[in-house]
Amino acid sequence: MGSKRGALIIFEGLDRIGKTTQSKLLCDYLSQDCNIRCERLAFPDRTTQIGGLIDAYLQRKIECNDRTIHLLFSANRWECMDSMRAKLLRGDTLIVDRYAYSGVAFSQAKGLDKTWCQSCDVGLIKPDLVLYFHRGKQANCLSYTGEERYETKHFQEEVETCFEQFRSSSHQWKDINVINADNNQMRNRETIQEEIRSYVKDTLKNLKSNDLEELWK
Ligand code: 2DT
């Protein structure tokens, strides 16, 4: 291993599509079976002061206009950059549930301009691998209503359209890998995990430099 840095791996997609389960399985596999130092993080990080505001907003305890909350989500990533950089450079692999891609898709779904949404995340640490979880339209991830602010069928459909649009329209998204997250007899949790592991193994094998690049530059 020498002094090779760790990889930044992002899991993206709609709510309740399996990101948390799969990212935990991956983290356990890398640390226990592959002896790779690895940590799982999630955005929003609700433990910071800014994260506390985001949490209150998501739970409908406070109101916030769309641009302000977008900037808070971004600030919540920026405040974690120094510690993430330090961990990556000392060789830890980070598996992160949601990143700037959710930032753009959820805010764009409310009608904000995509370029404006992206601008405040330009320069974050660029991921080495982005896995976007996608599931067929009839799948039941789109048919629930949860307690938090964005957890309605209608809004999740809007977000999915935004994820799909930028994935297919812009060269900046061409590095996003799609995971078919259909959980059925043909594709169970283990099959999906195998697919994820094969992407991750390639990424770890091909990590070329110790430098970290900047997102969207
Ligand atoms: P979780 O359910 O995964 O905790 O997410 N969101 C997330 C945004 O609107 N912008 C962002 O930048 C991020 C990271 C997605 C809580 C909700 O917050 C949304 C769902």
Exercise. How do the pairs read when you match residues in the stretch 5-21 that are among the basic types (Lys, Arg) with residues anywhere that are assigned to a strand (DSSP E or B) and buried (at least 23 other Cβ atoms within 10 Å of the Cβ), using Cβ under 8 Å and keeping only pairs 6 or more apart or on different chains?
Worked result: Lys19/Phe11; Lys19/Glu12; Lys19/Gly13
For this session: Please go through the stretch 186-217 and pick out each residue that is modelled with pLDDT of 85 or more, more than 18 Å from Phe11 (Cα to Cα), open to solvent by 100 Å² or more (accessible area, probe 1.4 Å) and of a type outside the set (Lys, Arg).
Result: Asp211, Glu213
Exercise. Within the stretch 22-127, which helices (runs of 4 or more DSSP H) (wholly inside it) include 3 or more residues that are away from the ligand (no atom under 11 Å from the Cβ) and either modelled with pLDDT under 95 or surrounded by fewer than 21 Cβ atoms within 10 Å (Cβ to Cβ) (or both)?
Worked result: 49-58, 66-78, 81-89, 114-119
Exercise. Looking at the stretch 2-12, which of its residues are modelled with pLDDT under 95 and either open to solvent by less than 30 Å² (accessible area, probe 1.4 Å) or at negative phi (or both)?
Worked result: Ser3, Lys4
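Matching residues to (1) open to solvent by 60 Å² or more (accessible area, probe 1.4 Å); (2) modelled with pLDDT of 90 or more; (3) in a loop (DSSP other than H, G, I, E, B):
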| position | (1), (2), (3) |
| --- | --- |
| Tyr144 | no, no, yes |
| Glu148 | no, yes, yes |
| Gln156 | no, yes, no |
| Thr161 | yes, yes, no |
| Phe166 | no, no, no |
| Gln172 | yes, no, no |
| Ile179 | no, yes, no |
| Asn184 | yes, no, yes |
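The values are calculated or read from the model by the stated rules, or taken from the named source; none is laboratory data. Bear in mind that the values here come from a model prediction, so they are computed numbers and not experimental data. All Cβ positions, even for glycine, are placed from backbone atoms using ideal geometry, and neighbour counts span all protein chains on display. Surface accessibility is based on the protein's heavy atoms, side chains included, excluding ligands, DNA and RNA. Shrake-Rupley method; radii C 1.70, N 1.55, O 1.52, S 1.80 Å.
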